[in-house]
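Here is the structure we will look at, set down as structure tokens.
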Amino acid sequence: MNPRTLDHVALWVSERAAVADFLYRHLGMHEIERTDSFTLCGVDARLGKLTLFDAPGPREPGALERIVLRVGDLDAALAGLPAEVQLRPDDGTATAAFAGPDGVPLGLVQAPGRDYDLDHVLLRVSDPERSAQALGDL
């Protein structure tokens with residue numbers, strides 16, 4: 001398996017409107033579709049998207065470590081974040097990492113392509129080789 005793009009990442013959040021608003025105001029996305037049960041956000045319907053679902057109360061983080069978006073100018077993208085966003089030190093997986101509303105783990109990496117499209121998703125797994133094999137078998 002050699003995936004080249006991500007279509008969407010589904011997130012269950014307790015503050016769907018706040019997360020969507022953050023994506024619109026600070027990460028170049030817009031609303032692609034909204035229903036009573038989900039909000040679909042992205043820079044273009046043909047590119048990577050985030051699907052937000054309502055979830056009551058705090059949730060366990062699960063395997064999701066970070067959703068990383070690509071930007072052409074990292075400094076400009078960082079300047080567009082609200083002052084209260086705390087950037088985490090780079091751990092080699094993204095150039096900038098931070099939490100959005102509801103603790104949504106986000107990152108930005110400077111790379112060619114459409115600004116704010118999905119670049120990659122970082123997952124926590126106990127056995128990376130086994131996980132890679134299972135994904136390859138899909």
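The values are calculated or read from the model by the stated rules, or taken from the named source; none is laboratory data. Because the structure is predicted, anything quoted here is derived from the model rather than measured. Glycine also receives a Cβ, built like all others from the backbone with ideal geometry; neighbour counts cover every protein chain displayed.
Just a few scattered comments:
- Of all residues making up segment 64-89, the number that are basic (K, R) and either in a loop (DSSP other than H, G, I, E, B) or over 15 Å from the mean Cα position of the chain (by Cα) (or both): 1
- Look at segment 115-138: where a residue is assigned to a loop (DSSP other than H, G, I, E, B) and a partner is modelled with pLDDT under 85 and polar (S, T, N, Q), sitting 6+ places away or on another chain with Cβ atoms under 9 Å, you get V125/S131.
- Residue that is surrounded by the most Cβ atoms within 10 Å (Cβ to Cβ), among those in segment 1-55 that are among the aromatic types (F, W, Y) and closer than 25 Å to P112 by Cα: F22
- Residue check, V109 closer than 16 Å to V9 by Cβ, of a type in the set (V, I, T) and either touching a Ser or Thr at 6+ places or on another chain (Cβ under 7 Å) or surrounded by fewer than 19 Cβ atoms within 10 Å (Cβ to Cβ) (or both): yes
- Hits in segment 6-46 - residues which are modelled with pLDDT of 90 or more, within 13 Å of the chain's Cα centre (by Cα) and among the aliphatic types (A, V, I, L, M): V9, A10, L11, V13, V19, A20, L23, L27, M29, L40, V43
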